[in-house]
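In what follows, a single structure is set out as structure tokens and then discussed.
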């Protein structure tokens, strides 16, 4: 099979399973550049050359792996649909990643950055700090996704990176953050006569990002260069510290495999000291 036929298989697969097409398109962009004009089958040598070329361009190994995973998915679908045999599926070697995640926030650092942010952004970072959800997952929450009665903040199927729905229990701190946030939205609606579906808004409009405000706040707090994605690592580490079962933590944060979870579950000095204290108690 040529690349165009393989590509159609994975595009259809994403559509059938209601997965995000923008994620797939980002992974296909460079594969298209390399293989779209090819009329023959793709060999393991072709894939090895593609990998080497992408690395030579300075592409991060993790990004290359995402592209290779999309290509591997194409061939797996072709085998399942009996369009090719297993022997015809080329060997695709993913790169070994050594870029362990390191960035995370201690509680005082998080509080300092939050204080330096304009008011509309503070409940957003609080939600990210507690849940570990991605920035756009939090920014896209609507009032309907907050269930105060039953104690959940929800993501619908198809809204997440992996396409699965997700829900996070309203902890004491998360409820204390989101209850007044919901009241503020309703007060704004009453005051202006407008309907605002968003849980986080700026003058009634959805907040799509706040990069400049974030960068300025980090500088003021003495932690320049930090990323919003660090809250994802922070939440995982906090759950590890609190002894939350790994299976539950993975569902709450939204991680499908333990290998991904382990890359975020940073074993820091505090955790090691706590382990030592437990040994002393034996």
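The values are calculated or read from the model by the stated rules, or taken from the named source; none is laboratory data. This structure is a prediction, so every number in the text was calculated from the model and none was measured. Note that each Cβ is placed from the backbone with ideal geometry, even for glycine, and that neighbours are counted across all protein chains shown.
Would you confirm, using the coordinates I've provided, whether residue 175 is surrounded by 17 or more Cβ atoms within 10 Å (Cβ to Cβ) and either more than 15 Å from the chain's Cα centre (by Cα) or over 23 Å from residue 224 (Cα atoms) (or both)? Spelling it out, it is not the case that residue 175 is surrounded by 17 or more Cβ atoms within 10 Å (Cβ to Cβ) and either more than 15 Å from the chain's Cα centre (by Cα) or over 23 Å from residue 224 (Cα atoms) (or both).
With respect to residue 26, is the statement that it is closer than 28 Å to residue 198 by Cα, out of contact with any helix residue (DSSP H, G or I) (no Cβ under 7 Å at 6 or more places or on another chain) and outside the structural domain of residue 202 (by TED's automatic domain parsing) true? Judged against the criteria, residue 26 is a match.
Can you find a residue in region 266-276 that is surrounded by 15 or more Cβ atoms within 10 Å (Cβ to Cβ), touching a helix residue (DSSP H, G or I) at 6+ places or on another chain (Cβ under 6 Å) and either more than 15 Å from residue 131 (Cα to Cα) or modelled with pLDDT of 90 or more (or both)? There is at least one residue in region 266-276 that is surrounded by 15 or more Cβ atoms within 10 Å (Cβ to Cβ), touching a helix residue (DSSP H, G or I) at 6+ places or on another chain (Cβ under 6 Å) and either more than 15 Å from residue 131 (Cα to Cα) or modelled with pLDDT of 90 or more (or both). When the residues of region 245-261 are filtered to those that are assigned to a loop (DSSP other than H, G, I, E, B) and surrounded by 15 or more Cβ atoms within 10 Å (Cβ to Cβ), the one that is modelled with the highest pLDDT is 254.
The single condition from (1) modelled with pLDDT of 95 or more; (2) under 15 Å from residue 138 (Cβ atoms) that residue 232 fails is (1). Residues in region 1-25 that are closer than 20 Å to residue 158 by Cα and in contact (Cβ under 8 Å) with a residue 40 or more places away in the chain: 9, 10, 13, 17, 18, 19, 20, 23, 24. Can you say whether residue 96 is modelled with pLDDT of 95 or more and either surrounded by fewer than 13 Cβ atoms within 10 Å (Cβ to Cβ) or touching a strand residue (DSSP E or B) at 6+ places or on another chain (Cβ under 9 Å) (or both), as far as the supplied structure shows? So residue 96 does not fit the description; no.
Residue pairs whose Cβ atoms lie under 6 Å apart, separated by 6 or more positions or on different chains, with the first residue in region 200-218 and farther than 14 Å from residue 119 by Cα and the second modelled with pLDDT of 95 or more and part of a strand (DSSP E or B), are 206/198.
Conditions (1) out of contact with any helix residue (DSSP H, G or I) (no Cβ under 9 Å at 6 or more places or on another chain); (2) surrounded by 17 or more Cβ atoms within 10 Å (Cβ to Cβ), marked per residue:
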position: 43; (1), (2): yes, no
position: 47; (1), (2): no, yes
position: 50; (1), (2): no, yes
position: 54; (1), (2): no, yes
position: 60; (1), (2): yes, no
position: 79; (1), (2): no, no
position: 88; (1), (2): no, no
